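The values are calculated or read from the model by the stated rules, or taken from the named source; none is laboratory data. Small disclaimer: the values here were computed from a predicted structure and weren't measured. A quick note on method: Cβ atoms are made from the backbone with ideal geometry, for glycine too, and the neighbour counts reach across all protein chains shown.
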Amino acid sequence: MKYLKKVITLVQLGCMVTLLLILGNSSGVVKTQKTNANLNKTIDLIAMSNKIEEIVANDIYAVKETIVGSLTGYAADCPLCNGHLGCTGQDVRDKTVTYNDSDYGTLRIVAASQYNLACGSVVKIDYSMDGEDEIYAIVLDRGVGGTALDLLVESESYAYKYVGRRDVTYDVLRYGWKRSE
C-alpha cells in the first residue's frame with residue numbers, strides 16, 4: 001500500500017508538471033512586455049513657459065510695444081536746430097545721420113518726445129526709404145511731441161523731398177539704454 005501511495009503521488013506530480021509545461025508553451029498565451037519610452041521626458045508646462053518668456057526677453061528684435069505716430073524729417077542745419085543731439089551732445093553738422101549701437105549695429109537717428117521714449121530707445125519704423133522696407137532707428141534727440149518721430153537726414157531739402165510728413169506705425173524694440181549694474 002505504501003508503494004501504491006508513492007506511485008500515485010509521483011503520477012500526480014508528473015501530471016502537474018506536464019500540465020504546466022503544456023500551458024507554458026501554449027500558442028494561446030501571448031506574453032507582451034511594455035517599456036516606457038518616455039522616461040524623464042515629461043513636459044513641464046510651467047518650465048516651458050518660463051523658457052519661452054526668457055527667450056523672448058533676450059531677443060533684441062522682439063517687439064515691446066507698437067505705437068501709431070507721425071514721421072517727419074529734419075537736418076542738423078534746420079532753423080531751430082543747434083546741430084547737437086539732445087541725448088548725447090554729439091555734433092551732427094557734418095551730416096552724420098546714423099549711430100553705431102553695440103547691440104543693433106548701424107541705426108538711423110531720430111528725435112522723440114522725452115515723455116514717449118527714453119534716450120537710447122530703438123524703434124523699427126514701418127516706412128520704406130532708400131530701398132529698405134523699414135527703418136531701424138535710435139532715439140538720440142529731442143524736440144518733438146506726443147508719439148511723433150523726427151528722422152535726422154542729410155539736409156532740409158532731402159527731408160521735404162523724401163520724408164515729408166506722414167502717419168506711421170513703429171515698434172519699440174528697446175526702451176532706452178541698459179543700465180550698468
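Testing Val92 on (1) aliphatic (A, V, I, L, M); (2) at pLDDT 90 or above; (3) in contact with a helix residue (DSSP H, G or I) (Cβ under 6 Å, 6 or more places away or on another chain), one condition comes back false. Which one is that?
That leaves (3) as the condition not met.
Let's see how each residue does on (1) in a loop (DSSP other than H, G, I, E, B); (2) in contact with a Ser or Thr (Cβ under 8 Å, 6 or more places away or on another chain); (3) free of Cβ contacts under 8 Å to residues at least 40 places away in the same chain:
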{"site": "Ile52", "(1), (2), (3)": "no, no, yes"}
{"site": "Gly69", "(1), (2), (3)": "no, yes, no"}
{"site": "Thr88", "(1), (2), (3)": "yes, no, no"}
{"site": "Lys95", "(1), (2), (3)": "yes, yes, no"}
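Out of the stretch 130-154, which residues are surrounded by 16 or more Cβ atoms within 10 Å (Cβ to Cβ) and in contact (Cβ under 8 Å) with a residue 60 or more places away in the chain?
Within the stretch 130-154, Val144, Thr147, Ala148, Leu149, Asp150, Leu151, Leu152, Val153 qualify.
Return only the number of the condition from (1) in a strand (DSSP E or B); (2) polar (S, T, N, Q); (3) free of Cβ contacts under 8 Å to residues at least 40 places away in the same chain that Thr169 does not satisfy.
Evaluating Thr169 over (1) in a strand (DSSP E or B); (2) polar (S, T, N, Q); (3) free of Cβ contacts under 8 Å to residues at least 40 places away in the same chain leaves (3) as the failure.
When residues of the stretch 99-113 are filtered for being over 23 Å from the mean Cα position of the chain (by Cα) and closer than 17 Å to Asp171 by Cα, how many remain?
Of the residues in the stretch 99-113, 5 are over 23 Å from the mean Cα position of the chain (by Cα) and closer than 17 Å to Asp171 by Cα.
Results for (1) touching a Ser or Thr at 6+ places or on another chain (Cβ under 6 Å); (2) not aliphatic (A, V, I, L, M), shown as yes or no for each residue.
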| residue | (1), (2) |
| --- | --- |
| Ala112 | no, no |
| Leu117 | no, no |
| Ser121 | no, yes |
| Ser128 | no, yes |
| Leu140 | yes, no |
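Tell me the residue from Leu71, Leu23, Leu39, Leu10 that is surrounded by 10 or more Cβ atoms within 10 Å (Cβ to Cβ) and at pLDDT below 65, please.
Just one listed residue meets the conditions, Leu23.
Quick check on my filter: what residues within the stretch 116-146 are closer than 21 Å to Tyr104 by Cβ, part of a loop (DSSP other than H, G, I, E, B) and modelled with pLDDT of 90 or more?
Asn116, Leu117, Ala118, Cys119, Gly120, Ser121, Asp126, Glu134, Arg142
Restricting attention to the stretch 126-165, which residues are within 29 Å of the chain's Cα centre (by Cα), farther than 19 Å from Val92 by Cβ and not small (Gly, Ala, Ser)?
Those that are within 29 Å of the chain's Cα centre (by Cα), farther than 19 Å from Val92 by Cβ and not small (Gly, Ala, Ser): Asp126, Tyr127, Glu132, Asp133, Glu134, Thr147.
Take the stretch 102-129 and flag every residue that is surrounded by 14 or more Cβ atoms within 10 Å (Cβ to Cβ) and among the polar types (S, T, N, Q).
Hits for the stretch 102-129 are Ser113, Gln114, Asn116, Ser121.
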